[in-house]
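Asker: The following block contains the structure, expressed as structure tokens.
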Amino acid sequence: DAGVHSKAWYTATCDRKTAEDALYRSNKDGSFLVRKSSGQDSRQPYTLVVFYNRRVYNIPIRFIESTGKYALGREKSGEEHFDSVAEIVENHQRTSLVLIDSHNNTKDSTKLKHIVRVS
């Protein structure tokens, strides 16, 4: 269990567009939620959706079967691994999360500050 089901920031039944619309409405840097990933891929079960600088970032949360841990984004050397999705969220409420915009090749960072609920 990823530790998501009882969390205010987790939305189980929300698609990408609904999540993005909710974050645009919040219009606060650091707004976030976690949703189930659109694809049915056990290696990427969740997506962290973050609003920053008038943009929405969809960051895949990977499940690493060999270790039973979770990690953010594409696999990279020196990446952090977490025991649960809840641990990822708690960590990035305290430390900044790097947001990479692959279209404009820019990097930003923000902490996860505002939980967005999808109505």
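Asker: Over 21 Å between C-alpha atoms is what I'm after, so list which of Lys76/Lys107; Lys7/Lys113; Lys28/Lys69 land there.
Answerer: Checking Cα-Cα distances, Lys28/Lys69 exceed 21 Å.
Asker: Ranked by accessible surface with a 1.4 Å probe, highest first, in what order do Val118, Val89 come?
Answerer: The ordering from most to least exposed comes out as Val118, Val89.
Asker: Treating the beta-carbon of each Lys and Arg as +1 and of each Asp and Glu as -1, no other charges, what is the dipole magnitude of the chain about its Cα centre, to the nearest 20 debye?
Answerer: Dipole magnitude for the chain comes out near 420 debye.
Asker: Based on alpha-carbon centroids, what's the gap between the range 92-119 and the range 1-75 in Å, whole number please?
Answerer: 11
Asker: Given a 1.4 Å probe and every protein chain left where it sits, what share in percent of the accessible area of the chain is carbon and sulfur?
Answerer: Here it works out to 43 percent.
Asker: At a probe radius of 1.4 Å, what is the per-residue accessible area of Asp108, in Å² to the nearest 10?
Answerer: Estimated to the nearest 10 Å², Asp108 gives 50 Å².
Asker: Pick the calculated Cα Rg over 2.2 N^0.38 Å for this structure from (1) 1.20; (2) 1.16; (3) 0.98?
Answerer: (3)
Asker: Moving on to the next point. Taking R0 as 30 Å, what FRET efficiency do you get between Ser119 and Thr67 from their Cβ-Cβ distance, rounded to the nearest 0.05?
Answerer: E between Ser119 and Thr67, to the nearest 0.05, is 0.25.
Asker: Mind checking the per residue accessible area of the chain for me, 1.4 Å probe, whole number of Å²?
Answerer: Heavy-atom accessible area per residue stands at 59 Å².
Asker: What nm distance separates the two modelled labels at Gln93 and Asn58, each placed 7 Å from Cα along Cα→Cβ?
Answerer: 2.6
Asker: Between Glu75 and Ile100, 0.36 nm times their residue separation minus their Cα-Cα distance comes to what?
Answerer: Stretched out fully, the Glu75 to Ile100 stretch lengthens by 7.6 nm.
The values are calculated or read from the model by the stated rules, or taken from the named source; none is laboratory data. Everything numeric in this text was worked out from a predicted model, so none of it was measured. Here Cβ is always computed from backbone atoms with ideal geometry, including for glycine, and neighbour counts include all displayed protein chains. These area figures cover heavy atoms from the full protein model, side chains too; ligands, DNA and RNA do not enter into them. Shrake-Rupley method; radii C 1.70, N 1.55, O 1.52, S 1.80 Å.
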